[in-house]
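Since every read-out is calculated from the coordinates, none of them should be taken as a lab result. Everything quoted here is computed from the prediction, not taken from an experiment. A quick note on method: Cβ atoms are made from the backbone with ideal geometry, for glycine too, and the neighbour counts reach across all protein chains shown.
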Amino acid sequence: MNQSDAGATQIRALVAGNWKMNGLKAALSQALAVDEQLAGAGDAINADVMICPPATMLMVLSELAGKSGLKIGGQDCHVNQAGAHTGDVSAEMLADAGASAVILGHSERRADHGETDKLVCEKVAAAHRAGLTAIVCVGETIGQRQAGLTLGVVARQLTGSLPDGVNAETVVIAYEPVWAIGTGLTPSVEDVAQVHGMIRERLVERFGEEGARMRILYGGSVKPSNAVELMGIANVNGALVGGASLLASDFLGIVDAYRG
Ligand code: 13P
C-alpha cells in the first residue's frame, strides 16, 4: 500500500507535521534530520512530506531544509494581505518566508479563536491569492460523535469552509476528530472509512474530477505504530500529525508507511 485509491484515481499521499505552538531554535535539528533522511531515501518514499513549524521558524527552516523535497507550511493566516492587524500573519508573508501551504480551520483555532466556516472559507481564498495550498481541517467533537452527528457536522464544515472553484492542487482536506487529537485515541477503521468516504462523495459532487483527486488526510493521534493501518484505509491519502511530528524518528516512522 503506497498510494491511496479513490476509485480509479491514484493520489500521491501527503504526510504533514503540525508543530502547533512548539519549537524553539533547538528543534530545528529535528526538521533538518527529517530533510536529511528523506534525501537519503530518494524515491523510496511515495508521499510528499511537509513540516508546519511555528511562524517564527518558517524562514530559517525553508532556507536550511533544501536537501530533500521537504515542503514547509504555515499553521494559519489572516484574510488580508497586509495592514493593521497586530500579531497576525498574512498568506503572502508565509509564501515570502518559503511556505507552500497553510493549515486552515484547525479545531484548535476554531475553539480558541472562534473561527467559523465562513472565516475559514475566506482564509482559503487568501491562501490561494498568495499561491499557497490550503490544508482545510474538519472534524467532530466527542459530544457530536456520541449524538450521532458526525457525518452531518463534517459535511457542513466541508461545504462552508471551501470556496467554489478550488482544485486538487490548491486544497487538501484533513479529517481530524477533535476527541482524537492529542489523546492517544483513534476512531475505528470503519469509522475513518465512513467519514473519508462521505468527504470524497461530497468533494466529487461539488468539484467533479478535481474532487476525486483531492487529498484527504487523517489526523488525530497518528503514530508510527498505527500509521500503516490508518494510511491503508480507503480514501485516506496521508496524515496530519501533531505530537508525533516533533521528533524526527517518530515522524519518519509514520512517513515510512509510504515506503515502497
Ligand atoms: P496529534 O497527532 O498530537 O493528535 O494532533 C493532531 C493534530 O491536531 C494535527 O493537526
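Please give the length that would be gained between Ala234 and Gln194 if that part of the chain were fully extended, namely 0.36 nm times their separation in residues minus their C-alpha to C-alpha distance (nm, one decimal).
Gain on stretching Ala234 to Gln194: 13.5 nm.
Using the Karplus curve 6.51 cos²θ - 1.76 cosθ + 1.60 with θ = phi - 60°, what ³J(HN,Hα) values do you get for each residue of the stretch 216-232, in whole Hz, with x for Gly and Pro?
Working through the residues one at a time gives 10, 8, 9, x, x, 6, 6, 9, x, 6, 10, 5, 4, 5, 5, 6, x Hz.
About its Cα centre, what dipole magnitude does the chain give when the only charges are +1 on Lys and Arg Cβ and -1 on Asp and Glu Cβ, stated in debye to the nearest 20?
The dipole magnitude comes to about 140 debye.
Report, by chain and number, residues whose modeled amide H sits under 5 Å from the one on Val136, excluding near sequence neighbours (fewer than 5 apart, same chain).
The list, which skips near neighbours in sequence, is Leu104, Val172, Ile173, Ala174.
So what J values fall out for the stretch 106-118 if you push phi through Karplus, 6.51 cos²θ - 1.76 cosθ + 1.60 with θ = phi - 60°, rounded to Hz, Gly and Pro as x?
So the Karplus estimates, Gly and Pro as x, are 4, 4, 5, 6, 4, 7, 6, 10, x, 6, 9, 4, 4 Hz.
Would you kindly state how much longer the chain becomes between Ile142 and Arg129 on full extension, computed as 0.36 nm times their sequence separation minus their alpha carbon distance, in nm to one decimal?
So the chain would gain 1.2 nm between Ile142 and Arg129.
Tell me which residues come under 5 Å, amide H to amide H, from Trp19 once H is placed; ignore anything under 5 positions away on its chain.
Cys52
Using modelled amide H (1.01 Å from N, peptide plane; none on Pro or chain starts), what sits under 5 Å from the amide H of Ala13, excluding residues fewer than 5 places away?
Close amide H contacts, sequence-distant or interchain: Ser4, Asp48.
With point charges of +1 on the Cβ of Lys and Arg and -1 on the Cβ of Asp and Glu, referenced to the Cα centre of the stretch 77-165, which listed residue (Ser107, Leu132, Ala95) lies farthest in the positive direction of the dipole?
Ser107
Pop the C-beta distance of Lys223 and Thr86 into the FRET formula with R0 = 35 Å and round what comes out to the nearest 0.05.
0.40
Test of understanding: what is the full-extension gain from Glu201 to Ala26, defined as 0.36 nm times their sequence separation minus their Cα-Cα distance?
Contour length minus Cα-Cα distance gives 58.7 nm.
Cross-chain or 8 or more residues apart, Cα under 28 Å: how many lysine pairs in the chain fit that? Count them up, please.
Going through the chain pair by pair, I get 12.
So the label point goes 7 Å from the Cα of Leu151 along Cα→C-beta, right? Which residues of the stretch 180-197 then have their backbone N under 17 Å from it?
Only 188-197 fall inside the zone, counting backbone N under 17 Å.
Can you work out ³J(HN,Hα) from phi for every residue in the stretch 182-188, in order, using Karplus 6.51 cos²θ - 1.76 cosθ + 1.60 and θ = phi - 60°, giving whole Hz and x for Gly and Pro?
With the stated coefficients, the stretch 182-188 comes to x, 10, x, 8, 9, x, 5 Hz.
Give me the net charge of Val138's neighbourhood, meaning all other residues with Cβ under 10 Å from the Cβ of Val138; Lys, Arg count +1, Asp, Glu -1.
-1
To the nearest 0.05, what FRET efficiency results for Ala212 and Thr159 with a Förster distance of 22 Å applied to their C-beta separation?
Working from the Cβ atoms, E equals 0.80.
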